[in-house]
Amino acid sequence: MATGVSVSDNALSTIHEVAAHQVSFVVLQIHDGKVEVDVAGPAAGGDFQDTLAALTAHLPSNEPRFAVASGPGQELVYIRWAPDSSPVKAKMLYAGSGASLKAKLSGHIVVEVQATEKEELSYQVVAAAIQRFH
């Protein structure tokens, strides 16, 4: 389902910084028909478990978001966050826009994780998803 949502130049630039391991993660939100940067993480290079904890702390409890994190290897972890408490219209918008954002990650090794609860983004769960990918 195409939604007409585009990805802003700033969001693309920040995603490329994550892919280059210059920034540890980026949390993205849809605002005025564009995927925009909500929060960019600190410089990459730390422990992936700490990166994941910091990223998860920036996810709102009642609104969907996208996130891209620099994984423990060369992979990118693409997170589709849609808590059950989110409004249905917002969940539908994010669900319909996720494929176009993922397409912007082409050329990179991408592990996709979908979560509705923060427990689904624990280090153990995400590390298992990365292992299944390899």
**Subset of the stretch 118-134 [open to solvent by less than 90 Å² (accessible area, probe 1.4 Å) and not in a helix (DSSP H, G or I)]** = SER122
**Complete:** Counted residues in the stretch 49-60 being open to solvent by less than 60 Å² (accessible area, probe 1.4 Å) and in contact with a helix residue (DSSP H, G or I) (Cβ under 6 Å, 6 or more places away or on another chain) come to 2
**Request:** Show the residue pairs that are 6+ apart or on different chains and have beta-carbon atoms under 7 Å apart, the first residue being within the stretch 101-128 and in contact (Cβ under 8 Å) with a residue 24 or more places away in the chain and farther than 17 Å from ASP50 by Cβ, the second being assigned to a helix (DSSP H, G or I) and open to solvent by 80 Å² or more (accessible area, probe 1.4 Å).
**Result:** VAL111/PHE133
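Does LYS89 satisfy being among the basic types (Lys, Arg), in contact (Cβ under 8 Å) with a residue 40 or more places away in the chain and open to solvent by 70 Å² or more (accessible area, probe 1.4 Å)? Break it down stepwise before answering.
Working: among the basic types (Lys, Arg): yes; in contact (Cβ under 8 Å) with a residue 40 or more places away in the chain: no; open to solvent by 70 Å² or more (accessible area, probe 1.4 Å): yes.
For LYS89, the condition - among the basic types (Lys, Arg), in contact (Cβ under 8 Å) with a residue 40 or more places away in the chain and open to solvent by 70 Å² or more (accessible area, probe 1.4 Å) - is not met.
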**Residues of the stretch 61-77 classified as open to solvent by less than 30 Å² (accessible area, probe 1.4 Å), over 8 Å from the mean Cα position of the chain (by Cα) and without any contact (Cβ under 8 Å) to a residue 40 or more places away in the chain, total** = 1
**Item:** Within the stretch 1-114, helices (runs of 4 or more DSSP H) holding 3 or more residues that are within 18 Å of VAL125 (Cβ to Cβ)
**Value:** 48-57
**Complete:** For ASP32, the lone unmet condition from (1) over 24 Å from PHE133 (Cβ atoms); (2) surrounded by fewer than 19 Cβ atoms within 10 Å (Cβ to Cβ); (3) in contact (Cβ under 8 Å) with a residue 24 or more places away in the chain is (3)
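The values are calculated or read from the model by the stated rules, or taken from the named source; none is laboratory data. Computed from a predicted structure; not experimentally measured. With ideal geometry, Cβ positions are generated from the backbone for all residues, glycine too; neighbour counts draw on all protein chains shown. Ligands, DNA and RNA are excluded from the accessible area calculation, which covers all protein heavy atoms including side chains. Shrake-Rupley method; radii C 1.70, N 1.55, O 1.52, S 1.80 Å.
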